[in-house]
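What follows draws every value from the coordinates through simple rules; no lab data is involved. Just so it is clear, the structure is predicted and the values come from calculations on it, not from any experiment. A quick note on method: Cβ atoms are made from the backbone with ideal geometry, for glycine too, and the neighbour counts reach across all protein chains shown.
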Amino acid sequence: MRRTSGAHWGGAVKAFQNSRGGSRAAQASWRLVWLCLPLGLVPAAAGATTVADFAAFGSASCLIGYQAEVTDSAAPGDIASLLVGGMGNVDVRLGAIVGGVRAGNSLHLGKGAGAGFALIRGDTIGNADIEIVQGATVQGDVDGGSTVLVGQNGHVTGDVTAGAGITVDPTAVVGGTLAPFSTPASVPNIALPAVSTITPGVTAVGNGTSGQTVAPVPGAWSTLHVGASSQVSLSAGEYHFSSIDIGQNSTLVLNVGAGQEIAILVAGDVDIGNALSIRIGDGTGDQDARRKETAPRVYLETHGRFLLQQNGQWVGTAVAPFDEVVFGTSTHVWGAGYGVQVELRQGALLDYDAADRFSGPDAVFPRIDLALYAEDDVVVGRDVVVDFAAPVGANHDIKVKRGGQTGSVRAGGKLFTGLDAEIHGSQIGNRRVYVRRGSHVLGSVDGGTTHGRIVLGPESSIEGVVNSAGDVLQQAGATVTCGTPPCIFENSAETAFHSSLDLEAVIGPATDVAGALAAVPGRPDIDRSRGISTTLAPGVYGTLSLGARNGLSLSSGEYFFESIQAGEGLALELDLSGGEIAIFVLGNAIFGHDLTVEVTGDDATGIFLEVQGPRVLFGSGGQWIGTIWATGGDVIFGQGTTLTGAIFAGRDIVLKRDNSVVFALADRLLISGSPSGAFLEGEIVY
């Protein structure tokens, strides 16, 4: 299976105790989707947590509002194993009722104003601080990566384990043991579903007036825009739209049978007015039961924002990989919601069912799903374009220089967006965030959770919410627009946070290249002067040294080298007819200017380059195809180079001026399996 799209992510990968109970695991209706897992997991019994175990999942934040409820009417007795949360901050408000909760960052249970108390019907795990306040009850264990507070009238039926101290109010009750300064379970890196390619057409559906009846056939359209009291009918198949705007008191009719799917792919925002009604087919029979039955067959993905306004209904999985999913006040949803930020507003009811497209023997699970990620810094040079379909991330600082364009950005340190740059997604910087003059961010901006502020430069524009743990400096001409003002929040306690990744934990430990070389003591060096063509069979070699204007042909299999030094103008031919080509280098890999790569028999997903030396360097004006994994060094692309693939680096990634990146992940970094036997059950340890 080939995949050339990406998704969002976040969170440190650590030992994680699976909480999914056997009764739910035994159900034939299991839904599995994209998951980043440590290398070393082998096909075994089902049990590893994936995003499909979540009814609501936000890669940056998740808010379950006052008296909102998450349930699964098909398995009401097994709600403890149905999760809400995400890889950033998670907030379950007063009066909400949910299953288990997972947070890649801090976790707050029971805050807010009103009646009742938050009820968590399963285990609660957070990688940072956990607060349980205002009588919130956890019917299970609590594991916090930092401090845990069980506040006034709080109740935990199980054990409380914390990486730091535990505070229990005198009015609170903990039924199990307290284990402060211990080793709690933690949340692994969990990814959103993979991003689709969306290609809207030029013909509009509807003209925005009230009382319309439209029934577009599957295919590519521009806008879907109908006014109040309208009816929209969709049938089995795939729809592409530039945006969707449905007026209040309208009806959406879904005509889809067993074994079919309605896929709705939207390049821009989805805005659904108050009191949308969902009708299944001809409207006969028990419509609630039919909505529940239909939910796995409906999939909506928007590269903007998904907003279901108050008192409405929704059926299916709604995914916003670059923005937020909002289920409004008193809405009723049969399905699931996954986005950068997910919010269930006051009184929303979410009856879980994930999409059928995330299950079955052909489901694929990436170990990691970013276009670029460095354990130190990332520099996206002037006028560089990085595929918007996959995020850019770093454990430390990220700089997107003047005129650069990327998808979502996640920085564990400072984040700089240069002059006239464009970010087609949300931004998170744990320290100071700079959005320089003339830059444009098509998503939210979060910053300063470690310490710092957000600076919005002159004439910059943000189309989303700005959340700062410190202050926000909005300079002359800077604009911030969002769906529901206010749009700027200073000194916020709910700012999204990027949890750093240990790439070896996600991708897997480095290959034993030194051992492979040592096992062949007579391995030959390949040393060619200028203008020579060489064909190498898979095997173990010494140094590979090629003069200018050489040709090199490789075929399917594994290659091991002590180092690679190639002069300018190398013509590299890769024949993938027999499967993957994997190249392993103990030292540096250096390619001169004007490298060309010709691939036959497959595409970038079949090419993998692992370099264990301090440097991977591509000279200017060339190209590379495939995934690069520099286990302990830097990856540097010279001016005017192109990449079709992905880059992961143990130190820095530097893309110099005028580069371009199209994301495609190597097949060896994907896990394929079936819902009944894809993952290791129990504790994940690496």
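Would you mind classifying the range 222-348 by shape? Square roots of the alpha carbon gyration tensor eigenvalues, ordered a ≥ b ≥ c; an a/c under 1.5 is rounded, otherwise it is prolate if a/b is larger than b/c and oblate if not. The shape class here is rounded.
If R₀ is 45 angstrom, what is the calculated FRET efficiency for the pair A258 and V202, using the beta carbon separation as r and rounding to 0.05? After rounding to 0.05, the efficiency reads 0.85. Using only side-chain charges placed at the Cβ, +1 for Lys and Arg and -1 for Asp and Glu, the dipole size of the range 396-489 relative to its Cα centre rounds to 360 debye. Go ahead and collect, in residue order, the members of the range 596-610 whose backbone nitrogen is under 12 Å from a label point 7 Å along the Cα-Cβ direction of A571. Correct set: 596-598. Distance between the C-alpha centres of the range 81-137 and the range 49-69: 10 Å, rounded to the whole angstrom.
Listed by chain and number, the lysines whose alpha-carbon sits under 17 Å from that of K656, ignoring those within fewer than 8 places in the same chain, are K399, K401. Shape class for the range 503-663, computed from the alpha carbon gyration tensor (a ≥ b ≥ c): rounded, with a/c under 1.5. A cut-off under 13 angstrom between Cβ atoms defines the neighbours of V325, and their net charge, with Lys, Arg +1 and Asp, Glu -1, is -4.
Listed by chain and number, the aspartates and glutamates placed with their C-alpha closer than 20 angstrom to that of K414 are E375, D376, D377, D397, E422, D446, D471, E490, E494, D502, D634, D652; residues fewer than eight positions away on the same chain are left out.
Ordering of 523-531, 401-409 by packing is 401-409, 523-531, highest average first (other Cβ atoms within 10 Å, averaged per residue). Taking the helices alone, the chain has a mean residue ellipticity at 222 nm of -500 deg cm²/dmol, built from -39,500 (n - 2.57) per DSSP H run of at least 4 residues and averaged over all its residues.
Computed over the chain, the convex hull of the alpha-carbon atoms projects to a mean area of 29.3 nm².
Beta bridges assigned by DSSP with both partners in the chain are antiparallel in approximately 5 percent of cases. Excluding residues on the same chain fewer than 8 positions from K111, give the lysines whose Cα lies under 24 Å from its Cα. Qualifying lysines at Cα under 24 Å: none. Computed from point charges on the beta carbon alone (+1 for Lys and Arg, -1 for Asp and Glu), the dipole magnitude for the chain about its Cα centre is near 700 Debye.
Of the peptides 84-97, 197-210, the order by per-residue mean of other Cβ atoms within 10 Å, starting with the highest, comes out as 84-97, 197-210. Most tightly packed first, judged by the mean number of other beta-carbon atoms within 10 Å of their residues, the peptides 328-339, 544-555, 653-664 read 328-339, 653-664, 544-555. Using a/c under 1.5 as the rounded threshold, could you call the range 450-580 rounded, prolate or oblate? The axes a ≥ b ≥ c are square roots of the C-alpha gyration tensor eigenvalues, and prolate needs a/b larger than b/c, oblate otherwise. It comes out prolate by the Cα gyration axes. Please report the relative contact order for the range 396-489, taking Cα pairs under 8 Å with a sequence separation of at least 6, and give it as a percent rounded to a whole number. Contact order relative to length: 19 percent.
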